Amino acid sequence: MEKSYLKLLENNKTWAALQKNNDPEFFIELTKGQTPDYLWIGCSDSRVPANQITGTKPGEMFVHRNIANMVVHSDMNLLSVLSYAVDVLKVKHIIVCGHYGCGGILAAMGNKQYGLIDNWLRHIKDVYIYHHAELDNIKDKEKRVRRFVELNIVEQVHDLGKTSIVQNAWKSEQPLHIHGWVYDTADGEIIDLGVTFTCTKDLHSVYHLENED
Ligand code: CO
């Protein structure tokens, strides 16, 4: 068995020493706690490392990643991260960042069976169906995939806004903006898709949640 993982531990030693050298207070400050301004919801894809591509340091970004950056409202993992980020950490921005060339999106557009993951891909297929009129009309396969990547991100931003967690934050006038971005694995650049939600009125009224009282 090859031991490439040992390199990671070596790298870590070098990295930790460098940080301490550059700033002796670096880790001391981080032990006091975290106050990140951002929650990142991104794809698990190894080519899209949240901190690296945004130039953020440890302590600056709370991160949740899954296949195809999905906001599934029955996903206890996502909901727990979202609740902690919004209710406790009081992040100011939530960024859903997808990426061109997303394997999850490609798989969801196809018909091949992959096993258990098909259950996850179903959520993505459902997004396709919402937008099938537009997507079916794009004859060029590559363009259709790219557009689906973008539409899926927009849909996940909507799905975030539909959660009681985000709506309650808005109701209590907690500053919270949610954004949809797409990362291009071909050139390393992020494009803002311009779907920034800042309050409940950005959503269709059927999703508006009232207080119980
Ligand atoms: Co992906």
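The numbered conditions (1) charged (D, E, K, R); (2) open to solvent by less than 40 Å² (accessible area, probe 1.4 Å); (3) in a helix (DSSP H, G or I) are all true for Lys20 except (2). Every condition in (1) more than 29 Å from Pro175 (Cβ to Cβ); (2) open to solvent by 20 Å² or more (accessible area, probe 1.4 Å); (3) more than 15 Å from the ligand (Cβ to nearest atom) is met by Leu135 except one, and the failing one is (2).
Each residue in the stretch 42-58 was checked for being touching a residue at least 40 places away in the same chain (Cβ under 8 Å) and within 12 Å of the ligand (Cβ to nearest atom), and 5 pass.
With Gly98, Gly42 as the choices, which residue is open to solvent by less than 10 Å² (accessible area, probe 1.4 Å), more than 24 Å from Gln174 (Cβ to Cβ), in a strand (DSSP E or B) and touching a helix residue (DSSP H, G or I) at 6+ places or on another chain (Cβ under 8 Å)? Going through Gly98, Gly42 in turn, just one is open to solvent by less than 10 Å² (accessible area, probe 1.4 Å), more than 24 Å from Gln174 (Cβ to Cβ), in a strand (DSSP E or B) and touching a helix residue (DSSP H, G or I) at 6+ places or on another chain (Cβ under 8 Å): Gly98. Of the residues screened, Gly180 is not one that is assigned by TED's automatic domain parsing to the domain that holds Met61, assigned to a helix (DSSP H, G or I), within 21 Å of Arg65 (Cβ to Cβ) and open to solvent by less than 10 Å² (accessible area, probe 1.4 Å). Figure legend. Inter-residue proximity from the stretch 88-115: first residues within 19 Å of Ile165 (Cβ to Cβ) and without any contact (Cβ under 8 Å) to a residue 60 or more places away in the chain, second residues open to solvent by less than 40 Å² (accessible area, probe 1.4 Å) and within 12 Å of the ligand (Cβ to nearest atom), beta-carbon distance below 9 Å, spacing 6+ or different chains. No pairs are indicated.
The values are calculated or read from the model by the stated rules, or taken from the named source; none is laboratory data. Owing to the predicted nature of the structure, the values given are computational and were not obtained by experimental measurement. FYI the Cβ positions are ideal-geometry reconstructions off the backbone, even for glycines, and counts take in every protein chain you see. Ligands, DNA and RNA are stripped out before the accessible areas are found, and what is left, the full protein with its side chains, is counted by its heavy atoms. Shrake-Rupley method; radii C 1.70, N 1.55, O 1.52, S 1.80 Å.
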